[in-house]
Amino acid sequence: MHIHLLQLGRVSYAEGLRIQAEVVAARKANLIGDTLLLLEHPPVLTLGRNATRANILATDELLTQKQIEIHDINRGGDVTYHGPGQLVGYPIFDLRGELPGKKGPHLGPVDFVRLMEEALILTCKDFGVPTQRICKLTGVWTLAGGTIREKKIAAIGIHVSQAVTSHGFALNVTTDLRDFDYIVPCGITDRTVTSLELESPQTPPPTLTQAANSIAANFGRVFHRQILAVGTLDDLLATTAL
């Protein structure tokens, strides 16, 4: 059993959605196996199924000036930001497959999210950053200490159709966190966001490439699969499901 890994580099959000849709269609048709897409987006705000425009604090004029797009999408969750320095992952998995913790005909979406959180927690640990889950707050968070509250370092929101997942996670690596000031991240008002760059004791700080290598390895560890890298989308679509 394995997971295909396709690293796309920086692509527009619209292009990322197009590629994701193509991979989802191939997975639903059982033409390919479970796949992890890793990429980076130019600045964009995305609103999930539970989002409200009230959580976008910036005016349309300012967003236009900053060349920040807005996309309404079908993932769970509220509003979030994607941008340079942030590692975005789209796991395209069939929840009916052999997955850790599956007790019935398919793994539940919440259980799948917990596995993604575990892979992200292990990735943060690779760079010396202890992180955790917080009950009822999806994502990965730093630990609290003294008067400092937990900070979100990775956001998660998925969509499931015909048992196949799409969308996924966003891990702040070297992200310019000032861009989060344009929104109420995930609709949460009492906690802020952070990044591996700010939290890691590593010198120099982790790079996007290092974070991508770590998350790929940890997906393999958590899902008990071998990671098989492919070079292009065409290469991926030419593989067979195993």
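The values are calculated or read from the model by the stated rules, or taken from the named source; none is laboratory data. Just so it is clear, the structure is predicted and the values come from calculations on it, not from any experiment. Neighbour counts are summed over all protein chains in view; Cβ atoms, including those assigned to glycine, are modelled from backbone coordinates with ideal geometry. With ligands, DNA and RNA removed, areas are computed over all heavy atoms of the protein, side chains included. Shrake-Rupley method; radii C 1.70, N 1.55, O 1.52, S 1.80 Å.
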_Take R221 and tell me if it is surrounded by fewer than 16 Cβ atoms within 10 Å (Cβ to Cβ) and free of Cβ contacts under 8 Å to residues at least 60 places away in the same chain._
no
*So which residues in the range 165-174 are farther than 10 Å from P91 by Cβ and open to solvent by less than 10 Å² (accessible area, probe 1.4 Å), if there are any at all?*
A170, L171, N172, V173
*Among what's in the range 1-47 and is polar (S, T, N, Q) and part of a loop (DSSP other than H, G, I, E, B), pick the residue that is most open to solvent (accessible area, probe 1.4 Å).*
N30
_Every residue from the range 42-72 that is touching a residue at least 40 places away in the same chain (Cβ under 8 Å), closer than 19 Å to I92 by Cβ and in contact with a Ser or Thr (Cβ under 7 Å, 6 or more places away or on another chain)_ = H71
_the range 71-128: number of residues that are more than 21 Å from L45 (Cα to Cα) and under 14 Å from the mean Cα position of the chain (by Cα)_ = 14
*Residue satisfying condition, being hydrophobic (A, V, I, L, M, F, W, C), in contact with a strand residue (DSSP E or B) (Cβ under 6 Å, 6 or more places away or on another chain) and more than 20 Å from A216 (Cα to Cα), within set V24, V44, V110*: V44
*Give the residues of the range 122-144 that are touching a Leu at 6+ places or on another chain (Cβ under 9 Å) and part of a strand (DSSP E or B), sorted by residue number.*
T131, Q132, G139, V140
_Residue within the range 124-137 that is more than 17 Å from F219 (Cβ to Cβ), polar (S, T, N, Q) and at pLDDT 95 or above present_ = yes
_Regarding the range 51-62, can at least one residue be identified that is within 30 Å of T209 (Cβ to Cβ), open to solvent by 10 Å² or more (accessible area, probe 1.4 Å), in contact with a strand residue (DSSP E or B) (Cβ under 9 Å, 6 or more places away or on another chain) and outside any loop (DSSP other than H, G, I, E, B)?_
no
_Where a residue in the range 81-107 is outside any loop (DSSP other than H, G, I, E, B) and its partner, wherever it lies, is among the aliphatic types (A, V, I, L, M) and open to solvent by 40 Å² or more (accessible area, probe 1.4 Å), with Cβ under 9 Å and at least six apart_ = Q86/L208; L87/L208
